[in-house]
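Engineer: Just dropping this structure here.
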Amino acid sequence: MRIAICPGSFDPVTLGHMDIIARACKIFDKVIVAVSVNPEKHTSFSTEERKQMLTIATKSMGLENVEIDVVNGLLADYARSKGANAIVKGLRAMTDFEYEFQMALTNKQLNPELETMFLATSAQNMFLSSSMVKQVAGFGGDIKDFVPECIAQTIKERLSIGGNKNG
Ligand code: PNS
């Protein structure tokens, strides 16, 4: 069985993430979406909230070979424990490249059996990021073109100015 891991902070999940997850589901027998810790980022949503939003979004897309999990440790170790063959990530532009390349090489060093594959982001998602979504929602803007419809209201309510932003 070919197993891929789609890791990320998903704070919150965007249509760009969903596009990559859906495409990975077509290539692999099973895809594990791993809500992981990026020590360099302060998150606005709790781990459970992020997992919940991903569960709702993947269900609404009818993705059947997908599982959502939370990873607190090293991704390379988690991949080994799950028998995963690859990490799949989206690449938006050259600005992503150095950071992603560094992570790919580190993960390869830690787990030589694990390949990192990059899918070129779809053109309409080139500019999309979780931080941009948070900023637009925080100022009361419309995020319907940026996040799955089924979770847009939850995100807006949590992030609108005056809402609870700390999890
Ligand atoms: O969405 P992000 O924040 O760009 O994703 C980065 C993430 C969470 C995938 C990365 O920080 C990660 O893999 N964290 C888990 C801890 C780990 O394995 N760190 C070493 C990776 S080189």
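The values are calculated or read from the model by the stated rules, or taken from the named source; none is laboratory data. All values derive from a computational prediction rather than experimental measurement. All Cβ positions, glycine included, derive from the backbone under ideal geometry; neighbour counts span all protein chains shown. Just the protein is used for accessible areas: all its heavy atoms, side chains included, with ligands, DNA and RNA removed. Shrake-Rupley method; radii C 1.70, N 1.55, O 1.52, S 1.80 Å.
Engineer: Quick one: accessible area per residue over the stretch 26-167, 1.4 Å probe, rounded to a whole number of Å²?
Structural biologist: It amounts to 59 Å² per residue over the stretch 26-167.
Engineer: Using a basic spin-label model with each label point 7 Å from the Cα along Cα→Cβ, how many nm lie between Lys82 and Asp145?
Structural biologist: Roughly 3.2 nm, to one decimal.
Engineer: Let me ask you something else. What is the extension gain from Asp69 to Met132, computed as 0.36 nm multiplied by their sequence separation minus the C-alpha to C-alpha distance, in nm to one decimal?
Structural biologist: Difference between extended and current length: 20.2 nm.
Engineer: List the GluC sites (Glu not before Pro) in the stretch 1-79 that DSSP assigns to loop (not H, G, I, E or B) and whose Cβ has at most 15 other Cβ atoms within 10 Å. Which are they?
Structural biologist: Glu40, Glu64
Engineer: With r as the distance between the Cβ atoms of Gln52 and Gln109 and R0 = 30 Å, compute the FRET efficiency 1/(1 + (r/R0)^6) and round to 0.05.
Structural biologist: With a Förster radius of 30 Å, E is 0.35.
Engineer: Equivalent ellipsoid semi-axes for the chain, as square roots of 5 times the alpha carbon gyration tensor eigenvalues: give them largest first, rounded to whole Å.
Structural biologist: 26, 16, 16
Engineer: Based on the Cα gyration tensor of the stretch 1-71, what are the three equivalent ellipsoid semi-axes, each the root of five times an eigenvalue, rounded to whole Å and given largest first? Write out the running numbers ahead of the final one.
Structural biologist: Details: eigenvalues 81, 32, 20 Å².
Taking √(5λ) for each eigenvalue gives 20, 13, 10 Å, largest first.
Engineer: So, one more: May I ask you to evaluate 6.51 cos²θ - 1.76 cosθ + 1.60, the Karplus curve with θ = phi - 60°, for each residue of the stretch 115-120 and list the ³J(HN,Hα) values in order in whole Hz, giving x for glycine and proline?
Structural biologist: 9, 10, 10, 10, 9, 5
Engineer: Using helices alone, what [θ] at 222 nm do you get for the chain, with -39,500 (n - 2.57) per DSSP H run of 4 or more residues, divided over all residues and rounded to the nearest 500? Let's see the in-between values first.
Structural biologist: Numbers: 6 runs with 72 residues, N = 167.
-13500 deg cm²/dmol, from helical runs alone.
Engineer: Skipping prolines and chain starts, which residues have an amide H placed within reach, meaning under 5 Å, of the one on Ile5, given they are 5 or more residues away or on another chain?
Structural biologist: Ile32, Ala86, Ile87, Val88
Engineer: Where in the chain lies the longest segment free of trypsin sites (Lys or Arg not before Pro) that are both loop residues by DSSP (not H, G, I, E, B) and have at most 12 other Cβ atoms within 10 Å?
Structural biologist: Maximal segment without exposed cleavage sites: 42-143.
Engineer: Between 0 and 90 degrees, rounded to the nearest ten: what's the tilt of helix 94-110 against the longest Cα principal axis of the chain?
Structural biologist: With both axes taken from Cα atoms, the answer is about 40 degrees.
Engineer: With a 1.4 Å probe and every protein chain kept in, tell me what percent of the accessible surface of the chain is carbon plus sulfur.
Structural biologist: Values: 4920 of 9130 Å².
Its accessible area is 54 percent carbon and sulfur atoms.
Engineer: Moving on to the next point. Apply the Karplus parameterisation 6.51 cos²θ - 1.76 cosθ + 1.60, with θ equal to phi minus 60°, to every residue of the stretch 22-27 and state each ³J(HN,Hα) to the nearest whole Hz, in sequence, with x for glycine and proline.
Structural biologist: With the stated coefficients, the stretch 22-27 comes to 5, 5, 5, 4, 7, 8 Hz.
Engineer: Given a 1.4 Å probe and heavy atoms of the protein chains only, how would you sort Asp19, Asp29, Asp145, Asp11, largest accessible area at the top?
Structural biologist: Sorted by accessible area, descending: Asp145, Asp29, Asp19, Asp11.
Engineer: Ok, one more. For the chain, modelled as a Gaussian network with Cα springs under 10 Å, which listed residue fluctuates most, Phe45, Phe146, Phe97?
Structural biologist: In this elastic network of the chain, the residue with the biggest mean-square fluctuation among Phe45, Phe146, Phe97 is Phe97.
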